[in-house]
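Student: One structure, as structure tokens, below. Some questions next.
The values are calculated or read from the model by the stated rules, or taken from the named source; none is laboratory data. Since we're looking at a predicted model, the values are computed, not measured. Using ideal geometry, Cβ is built from the backbone for each residue, glycine included, and neighbour counts are taken over all protein chains shown.
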Amino acid sequence: MRVTPAPAVLDVPSPAHPAGVGDRRTTFAAVLLVLLAALPASVLRFWGWSPGVVTATVLFGVAIVGAAFALSWAAEAAERDIPRALALTAVALLAVLPEYAVDIIFAWKAGKDPAFTAYAAANMTGSNRLLLGLGWPAVGLLAWLFHRQRSVPLDRANVPALAFLAAATAYSFLLPIRGAISLMDSAILLALFIGYAAVTARAEQVEPELVGPAAVIGALSTPWRRLAVGALLAFAGMSIAMSAEPFADGLVHTGRSLHIDEFLLVQWLAPLASEAPEFLIAALLARRGKGASALGLLLAAKVNQWTVLVSSLPIAYSVGSGHLAALPLDTRQAAEVLLTAAQSLFGLSVLATMSLTLRRSALLAGLFLVQLAMGGVIRVALGSAGGAMDELLMFSVCYLLLAAVFAYRARATILSVLRKTIRGEQAAS
């Protein structure tokens, strides 16, 4: 028995229901906005316009947002042409490129200048916690608001994602203990990602679901679709190459000029910019009554972040330093990674019943927002670095205790899913 993966991402117009004029006009307007988003950044980069560090940082950030949308549409539409096994790896890597660009820049700079080491893991921890603390709960909330669903189910197609996320999460607890992310860690986490891709590639192929501009592009004839996908990929690549480094530098300088903790800007502002398309796609799916697909999409994104993103950091650090080296984690970064791992474990325990209820969505979001607010107040308003460290450790313990309670309550479901999965693999073999 084979496991069918969750729909790739989005409602594709079938031949019987081609994209309408309204859809095409909306797509044209969306693509035009994305192209215009890169225009101010290109003027900044190549024509010497100097509006000030804060304005420049915002404009480079807007260009990255535009590139993220372009990559998202192109990657989804390309699933109609790329063989399934290749698509699972290539599309995943393309889709996360804007999200990782800033983080990789900081890791590369840290290899040259230790002053940047403090920011190297910031974007990674922020994007992981943002995805789980706001992305997952948003699916549950939208399913209830628009369809009065008090629970969003996960089907057995998501079991591989849960299993590999559990493995990556368990391994991640070693990173703060050792105080570094090594190239050996990169190899192990990349192996987990490859294993995840291989397992899902053996599942039955399904027609990709597409929404928004990706649906219109996917409905084009093959030559035009491939041309559109290629153009969007080229545009996104150029925008990221043009904007990633000045945006990364700008975040640090903006924090200093506005007297805001630079670590917090790197940790939260960059992920908000790069993850906007992913959140929007999931929201559209949930709004259309496809909460299971939306949750499956964000679950897969979490697997990618805990494997590909984390593994990229010591590689970039080694390139920057000119020799093989582990990316060091200072005390604050180690505590941030610990909190991120603990939150991930709690998220897994929340989904252990193979569903996400409205109450659990509220708990995920509430804990995330309270921790974010407390951390900001303690570190920025009170200026207490020691108090901020205590706060990170306190919430880590809280997440771990809640994870143990939720996993214990769901023990029957966990054992049942494991038995069915093992039986299914035996039947398939």
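Student: Any residue in segment 276-292 that is under 17 Å from S361 (Cβ atoms) sitting within a Cβ distance under 7 Å of a residue that is in a helix (DSSP H, G or I) and hydroxyl-bearing (S, T, Y)? List the pairs, counting only those 6 or more apart or interchain.
Tutor: These pairs meet every condition: L285/S293.
Student: Continuing with the same structure: Quick test for you: out of S321, S355, S349, S293, pick the one residue that is of a type in the set (S, T, Y) and out of contact with any helix residue (DSSP H, G or I) (no Cβ under 8 Å at 6 or more places or on another chain).
Tutor: Values: S321 fails: out of contact with any helix residue (DSSP H, G or I) (no Cβ under 8 Å at 6 or more places or on another chain); S349 fails: out of contact with any helix residue (DSSP H, G or I) (no Cβ under 8 Å at 6 or more places or on another chain); S293 fails: out of contact with any helix residue (DSSP H, G or I) (no Cβ under 8 Å at 6 or more places or on another chain).
When all the criteria are applied, what remains is S355.
Student: For the structure I just gave you, tell me whether S293 is over 28 Å from V54 (Cβ atoms) and touching a Pro at 6+ places or on another chain (Cβ under 8 Å). Give the derivation first.
Tutor: Working: over 28 Å from V54 (Cβ atoms): yes; touching a Pro at 6+ places or on another chain (Cβ under 8 Å): yes.
Answer is yes for this residue.
Student: Examine segment 327-336 for a residue that is among the acidic types (D, E) and surrounded by 24 or more Cβ atoms within 10 Å (Cβ to Cβ), and state whether such a residue exists. Quick ask: steps written out before the conclusion?
Tutor: First, pick out the residues of segment 327-336 that are among the acidic types (D, E): 330, 336.
Remaining after also requiring surrounded by 24 or more Cβ atoms within 10 Å (Cβ to Cβ): 336.
Scanning segment 327-336, I find at least one residue that is among the acidic types (D, E) and surrounded by 24 or more Cβ atoms within 10 Å (Cβ to Cβ), so the answer is yes.
Student: Among the residues of segment 51-61, are any surrounded by fewer than 22 Cβ atoms within 10 Å (Cβ to Cβ), modelled with pLDDT under 75 and not in a helix (DSSP H, G or I)?
Tutor: No, every residue in segment 51-61 fails to be surrounded by fewer than 22 Cβ atoms within 10 Å (Cβ to Cβ), modelled with pLDDT under 75 and not in a helix (DSSP H, G or I).
Student: Return yes or no: is S344 closer than 23 Å to G135 by Cα and modelled with pLDDT under 90? Before the answer, list the steps.
Tutor: Numbers: closer than 23 Å to G135 by Cα: yes; modelled with pLDDT under 90: no.
It is false that S344 is closer than 23 Å to G135 by Cα and modelled with pLDDT under 90.
Student: Additional query: Do we find a residue being in a helix (DSSP H, G or I), at pLDDT below 80 and within 26 Å of the chain's Cα centre (by Cα) anywhere in segment 369-376? If you could, list the steps in order and put the result at the bottom.
Tutor: At the first step, the residues of segment 369-376 found to be in a helix (DSSP H, G or I) are 369-376.
From what's left, at pLDDT below 80: 376.
Filter again for within 26 Å of the chain's Cα centre (by Cα), leaving 376.
Yes, segment 369-376 contains a residue that is in a helix (DSSP H, G or I), at pLDDT below 80 and within 26 Å of the chain's Cα centre (by Cα).
Student: Restricting to segment 22-50, count the residues that are part of a loop (DSSP other than H, G, I, E, B) and modelled with pLDDT under 80.
Tutor: In the first step, residues of segment 22-50 are kept if they are part of a loop (DSSP other than H, G, I, E, B); the result is 38, 47-50.
From what is left, the residues that are modelled with pLDDT under 80 are 48-50.
Matching residues across segment 22-50 total 3.
Student: Filter segment 381-429 for residues that are in a helix (DSSP H, G or I) and among the hydroxyl-bearing types (S, T, Y); which is modelled with the lowest pLDDT?
Tutor: Step one: list which residues in segment 381-429 are in a helix (DSSP H, G or I), which gives 381, 385-409, 411-428.
Now narrow it down to the ones that are among the hydroxyl-bearing types (S, T, Y): 396, 399, 408, 413, 416, 421.
Details: S396: 96, Y399: 97, Y408: 92, T413: 81, S416: 78, T421: 61.
In this case the residue turns out to be T421.
Student: Of the residues L130, L154, L165, which single one is under 14 Å from the mean Cα position of the chain (by Cα) and either among the charged types (D, E, K, R) or over 30 Å from S243 (Cα atoms) (or both)? Give the steps one after another, and end with the answer.
Tutor: Working: L130 fails: either among the charged types (D, E, K, R) or over 30 Å from S243 (Cα atoms) (or both); L154 fails: under 14 Å from the mean Cα position of the chain (by Cα).
Testing whether each residue is under 14 Å from the mean Cα position of the chain (by Cα) and either among the charged types (D, E, K, R) or over 30 Å from S243 (Cα atoms) (or both) leaves just L165.
Student: Kindly evaluate R288 against the criterion of being among the basic types (K, R) and more than 18 Å from K109 (Cβ to Cβ). Break it down into steps so the answer makes sense when it comes.
Tutor: On the way: among the basic types (K, R): yes; more than 18 Å from K109 (Cβ to Cβ): yes.
It is true that R288 is among the basic types (K, R) and more than 18 Å from K109 (Cβ to Cβ).
Student: A further question follows. Sort out for me the helices (runs of 4 or more DSSP H) sitting completely within segment 101-204 that have 3 or more residues that are touching a strand residue (DSSP E or B) at 6+ places or on another chain (Cβ under 7 Å) and crowded, with 17+ Cβ neighbours inside 10 Å. Walk me through it before giving the result.
Tutor: Working: elements: 117-120, 122-130, 136-147, 159-172, 174-178, 183-201.
It comes to 136-147.
Student: Of the conditions (1) surrounded by fewer than 21 Cβ atoms within 10 Å (Cβ to Cβ); (2) at pLDDT 80 or above; (3) part of a helix (DSSP H, G or I), S243 satisfies every one except a single condition; which number is it?
Tutor: Of (1) surrounded by fewer than 21 Cβ atoms within 10 Å (Cβ to Cβ); (2) at pLDDT 80 or above; (3) part of a helix (DSSP H, G or I), only one is false for S243: (1).
Student: Exactly one condition in (1) touching a residue at least 24 places away in the same chain (Cβ under 8 Å); (2) surrounded by 18 or more Cβ atoms within 10 Å (Cβ to Cβ); (3) touching a Phe, Trp or Tyr at 6+ places or on another chain (Cβ under 9 Å) is not met by E262; state its number.
Tutor: Evaluating E262 over (1) touching a residue at least 24 places away in the same chain (Cβ under 8 Å); (2) surrounded by 18 or more Cβ atoms within 10 Å (Cβ to Cβ); (3) touching a Phe, Trp or Tyr at 6+ places or on another chain (Cβ under 9 Å) leaves (2) as the failure.
Student: Quick check on my filter: what residues within segment 139-196 are within 20 Å of T340 (Cα to Cα) and basic (K, R)?
Tutor: Matches in segment 139-196: R178 only.
Student: Ok, one more. Restricting segment 211-240 to residues that are polar (S, T, N, Q) and either in contact with a strand residue (DSSP E or B) (Cβ under 6 Å, 6 or more places away or on another chain) or part of a helix (DSSP H, G or I) (or both), which is surrounded by the fewest Cβ atoms within 10 Å (Cβ to Cβ)?
Tutor: Step one: list which residues in segment 211-240 are polar (S, T, N, Q), which gives 221-222, 239.
Those left that are additionally either in contact with a strand residue (DSSP E or B) (Cβ under 6 Å, 6 or more places away or on another chain) or part of a helix (DSSP H, G or I) (or both): 222, 239.
Numbers: T222: 9, S239: 28.
Ranking the candidates gives T222 first.
Student: Could you please let me know if L356 is of a type in the set (A, V, I, L, M, F, W, C), in contact with a strand residue (DSSP E or B) (Cβ under 9 Å, 6 or more places away or on another chain) and not in a helix (DSSP H, G or I)?
Tutor: Numbers: of a type in the set (A, V, I, L, M, F, W, C): yes; in contact with a strand residue (DSSP E or B) (Cβ under 9 Å, 6 or more places away or on another chain): yes; not in a helix (DSSP H, G or I): yes.
Yes.
Student: Show the residue pairs meeting these rules: Cβ distance below 8 Å; 6+ apart or different chains; first residue within segment 223-244 and farther than 18 Å from F46 by Cβ; second residue of a type outside the set (A, V, I, L, M, F, W, C) and surrounded by 14 or more Cβ atoms within 10 Å (Cβ to Cβ).
Tutor: Note: pairs meeting the criteria are R225/R80; R225/G218.
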